[in-house]
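The values are calculated or read from the model by the stated rules, or taken from the named source; none is laboratory data. The shown structure was predicted, so the numbers you read here are calculated from the model rather than taken from an experiment. Please note: Cβ atoms are built from the backbone with ideal geometry, for glycine as well, and neighbour counts cover all protein chains shown. Side chains included, ligands, DNA and RNA excluded: accessible areas come from the protein's heavy atoms. Shrake-Rupley method; radii C 1.70, N 1.55, O 1.52, S 1.80 Å.
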Amino acid sequence: MFLSVFDMFKVGVGPSSSHTMGPMVAAGRFLDLLRASPFQAQGLRASLHGSLAFTGVGHATDRATILGLAGFVPETYDAVQAEAALTGIKAQKQVRPQGLPPLKFDPARDLVFDYDHPLTGHANGMILMATDAQGDVVLQETYYSIGGGFVVTEAEQALEPVLDARDATRPYPFETAQMMLDMAAKSGKTIADMKRANELSHMGVGEFDIGLARIWEAMNACIDRGLSTAGILPGGLNVKRRAHDIHQSLQAEAGLNLTAPHTINDWMCVYAMAVNEENAAGGQVVTAPTNGAAGVVPAVARYWLDHVPGASVSRIPEYLLTASAIGGLIKHNASISGAECGCQAEIGSASAMAAAGLCAVLGGTPLQVENAAEIALEHHLGMTCDPVKGLVQVPCIERNGLGAIKAVSAASLSMRGNGRHLVPLDSCIETMRQTGVDMSERYKETSLGGLAVNIPNC
């Protein structure tokens with residue numbers, strides 16, 4: 001199992017890596033398939049299933065699918081161009097992707113939210129179709145958006161064990177936390193050192209360092225935009241952006257002798273909320289490991305840089321590499337998808353990643369890093385995904401803030417010990433997977449249970 005740091009941290013567009021970035025990527029892959037096909041397609045259709053149907057409107061899945069079929073990609077998404085394209089598509093009832101002739105596509109008719117027929121491969125399923133002049137399907141593919149912007153077909157899911165065999169080409173291939181710890185003990189290297197060596201076995205140093213710097217630049221810029229922007233979030237719940245006002249209040253209190261010690265929690269929260277308010281508004285964010293949980297990892301890093309003596313931005317790569325190693329283990333052995341395992345798989349995973357990264361830059365040993373990740377994940381077990389009105393706003397935005405606080409607490413607790421603890425991270429990850437399997441579908445990003453049905457949203 002090798003998941004690059006650039007797999008776990010992808011620059012893209014909000015509000016959802018599973019519902020926005022994934023479908024946009026899937027649409028792009030389908031266009032590539034169509035370009036290589038001998039069939040001369042005349043039109044396109046799409047159907048959304050499972051969670052993509054139930055919370056698709058709130059998560060902007062319809063917009064993402066339309067834009068993806070028009071040739072937009074998450075990495076270079078431009079909001080102004082997107083709005084203009086959507087207006088044109090709805091008026092002309094066609095898309096014009098590069099390298100293909102104009103294709104008939106009426107969003108009102110050709111994009112279907114299918115609530116009654118979930119697909120078997122994953123809760124986030126979609127079928128993309130190309131049609132001929134008579135409207136008959138000439139090409140069809142099923143895609144699954146499995147969290148964090150990852151997209152696979154059924155055939156690719158079946159090939160996953162074969163693909164894992166390629167890890168043997170990496171100097172430190174580990175599929176479990178215990179393997180990771182054993183390799184660290186044998187080599188004397190940190191988790192970040194091993195992760196970096198794995199990355200550089202298939203990538204040049206310059207390219208890698210530039211890519212990692214871009215990830216942090218995008219994360220930090222997202223925090224700053226969120227802190228400086230006020231207003232009401234889109235979607236109809238009339239949720240007010242709060243990060244701007246909270247940040248101003250915290251700045252006004254800075255230096256006052258009577259400030260309560262727990263105010264530091266507000267700083268952690270405000271950084272995370274700033275990111276997820278940007279995400280809710282459809283801005284540029286970085287999956288960490290998902291959009292819905294995108295605030296935790298950057299918030300903890302920013303807390304460390306702004307409030308911890310001795311912190312240095314030069315060690316951010318160590319933080320990100322350590323965090324991505326933990327995120328990769330969770331994704332490989334359980335899930336980072338709210339539609340598959342609830343919010344424990346999103347906020348829980350993000351908190352574990354941030355806790356591990358913080359512990360590393362605080363000087364923790366690999367054993368302490370593993371302990372920090374386990375503490376953070378353990379205390380998110382059972383967390384449901386129940387977004388009100390299907391929007392990535394309530395309870396998602398505040399939940400990122402609390403995930404950041406738990407991450408810092410977990411790292412601090414682990415540093416008070418020697419890394420020896422009762423529950424291994426591997427066992428905690430497996431428990432999260434089992435809990436997700438047992439969890440009712442109502443609490444897995446369908447908005448059919450929990451806060452989503454107990455809070456008036458119209």
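Taken over segment 375-396, the residue count meeting the criterion of being open to solvent by 10 Å² or more (accessible area, probe 1.4 Å) and either basic (K, R) or outside any loop (DSSP other than H, G, I, E, B) (or both) is 5. Considering segment 312-336, and only residues there that are in a helix (DSSP H, G or I) and among the small types (G, A, S), the residue that is surrounded by the most Cβ atoms within 10 Å (Cβ to Cβ) turns out to be A323. The one condition from (1) assigned to a helix (DSSP H, G or I); (2) within 30 Å of C343 (Cα to Cα); (3) modelled with pLDDT of 95 or more that E75 does not meet is (3). Among the residues making up segment 171-183, those that are open to solvent by 10 Å² or more (accessible area, probe 1.4 Å), of a type outside the set (F, W, Y) and within 21 Å of A352 (Cα to Cα) are P173, E175, T176, Q178, M179, L181, D182, M183.
Among residues of segment 37-48 that are in contact (Cβ under 8 Å) with a residue 60 or more places away in the chain, those with a Cβ under 6 angstrom from a residue that is open to solvent by less than 20 Å² (accessible area, probe 1.4 Å) and among the charged types (D, E, K, R), sequence gap 6+ or separate chain, pair up as R45/D110. Please go through segment 98-147 and give me each residue that is more than 24 Å from G50 (Cβ to Cβ), open to solvent by less than 30 Å² (accessible area, probe 1.4 Å) and touching a helix residue (DSSP H, G or I) at 6+ places or on another chain (Cβ under 9 Å), ordered by number. Matches in segment 98-147: L103 only. Looking at A339, A372, A356, just one residue is touching an Asp or Glu at 6+ places or on another chain (Cβ under 8 Å), open to solvent by less than 10 Å² (accessible area, probe 1.4 Å), more than 23 Å from K444 (Cβ to Cβ) and assigned to a helix (DSSP H, G or I), and that residue is A356. Considering only residues of segment 439-456 that are buried (at least 18 other Cβ atoms within 10 Å of the Cβ) and of a type outside the set (K, R), which is farthest from G342 (Cα to Cα)? Per the criteria, the residue is A452.
Any residue at all in segment 24-36 that's part of a helix (DSSP H, G or I), open to solvent by 10 Å² or more (accessible area, probe 1.4 Å), closer than 22 Å to R214 by Cβ and of a type outside the set (K, R)? Yes - at least one qualifying residue is present in segment 24-36. If you go through segment 406-458 and pick out every residue that is farther than 30 Å from L181 by Cβ and either touching a Ser or Thr at 6+ places or on another chain (Cβ under 7 Å) or outside any loop (DSSP other than H, G, I, E, B) (or both), you end up with 13. Take the conditions (1) outside any loop (DSSP other than H, G, I, E, B); (2) out of contact with any Pro (no Cβ under 8 Å at 6 or more places or on another chain); P309 misses just one of them, which is (1). Evaluate the following for I232: is it of a type in the set (V, I, T), in contact with a helix residue (DSSP H, G or I) (Cβ under 6 Å, 6 or more places away or on another chain) and either open to solvent by 40 Å² or more (accessible area, probe 1.4 Å) or more than 29 Å from T322 (Cβ to Cβ) (or both)? Here the answer is no, as I232 does not meet what is asked. Within segment 235-287, the residues that satisfy the criterion of being part of a loop (DSSP other than H, G, I, E, B), crowded, with 17+ Cβ neighbours inside 10 Å, out of contact with any Phe, Trp or Tyr (no Cβ under 7 Å at 6 or more places or on another chain) and not charged (D, E, K, R) are G235, L237, V239, A281, G282, G283. Beta carbons closer than 6 Å, at least 6 apart along the sequence or on distinct chains, never pair a first residue in segment 414-428 that is without any contact (Cβ under 8 Å) to a residue 60 or more places away in the chain with a second that is small (G, A, S) and open to solvent by 50 Å² or more (accessible area, probe 1.4 Å).
The set of residues in segment 160-181 that are part of a helix (DSSP H, G or I) and either polar (S, T, N, Q) or at pLDDT 95 or above (or both) comprises T169, A177, Q178, M179, M180, L181. Only one of the numbered conditions (1) in a helix (DSSP H, G or I); (2) in contact with a Ser or Thr (Cβ under 7 Å, 6 or more places away or on another chain); (3) surrounded by 20 or more Cβ atoms within 10 Å (Cβ to Cβ) is not met by N400, and that is (2).
The set of residues in segment 105-147 that are of a type in the set (G, A, S) and in contact with a Phe, Trp or Tyr (Cβ under 9 Å, 6 or more places away or on another chain) comprises G121, A123, G125, A130.
The number of residues in segment 184-206 being closer than 16 Å to L3 by Cβ and either of a type in the set (S, T, N, Q) or in a helix (DSSP H, G or I) (or both) comes to 10. Note on segment 121-144: among residues that are of a type in the set (S, T, N, Q) and in contact (Cβ under 8 Å) with a residue 24 or more places away in the chain, the one that is nearest to E340 (Cα to Cα) is N124. A single entry from L44, L52, L48, L67 fulfils the requirement of being within 20 Å of G149 (Cβ to Cβ), open to solvent by less than 10 Å² (accessible area, probe 1.4 Å), assigned to a strand (DSSP E or B) and of a type outside the set (G, A, S): L48.
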